């Protein structure tokens, strides 16, 4: 018998937060957040400070404040990852 934990929301294996599988109602943390904590459009940041979209918005704003262009940083990271 397999010990794999499958997310009941997306049907994918839960690996990173497997120790919290029961705490997150047999889901990935992100699936749990989107199911129970996230308000509004799932593709837009909500007011929950743990929301990953909110984190991304905060980091983008700080990069711009520091004089960096977030899109350029992402393009450089993609090029580096794929050896382009």
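The values are calculated or read from the model by the stated rules, or taken from the named source; none is laboratory data. It should be emphasised that the depicted structure is a prediction, and the values quoted were computed from it without experimental measurement. All Cβ positions, even for glycine, are placed from backbone atoms using ideal geometry, and neighbour counts span all protein chains on display.
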Inside segment 46-62, the number of residues satisfying the requirement of being surrounded by 13 or more Cβ atoms within 10 Å (Cβ to Cβ) and within 11 Å of the chain's Cα centre (by Cα) is 4
Out of curiosity, is residue 23 outside the structural domain of residue 58 (by TED's automatic domain parsing), in a loop (DSSP other than H, G, I, E, B) and closer than 25 Å to residue 58 by Cα? no
What are the residue pairs meeting all of these: first residue in segment 30-53, first residue closer than 19 Å to residue 11 by Cβ, second residue part of a helix (DSSP H, G or I), Cβ atoms under 8 Å, and 6 or more apart or on different chains? 30/52; 33/52; 42/34
Just one of the numbered conditions (1) farther than 24 Å from residue 73 by Cβ; (2) exposed (fewer than 15 other Cβ atoms within 10 Å of the Cβ) is not true of residue 21; which one? (2)
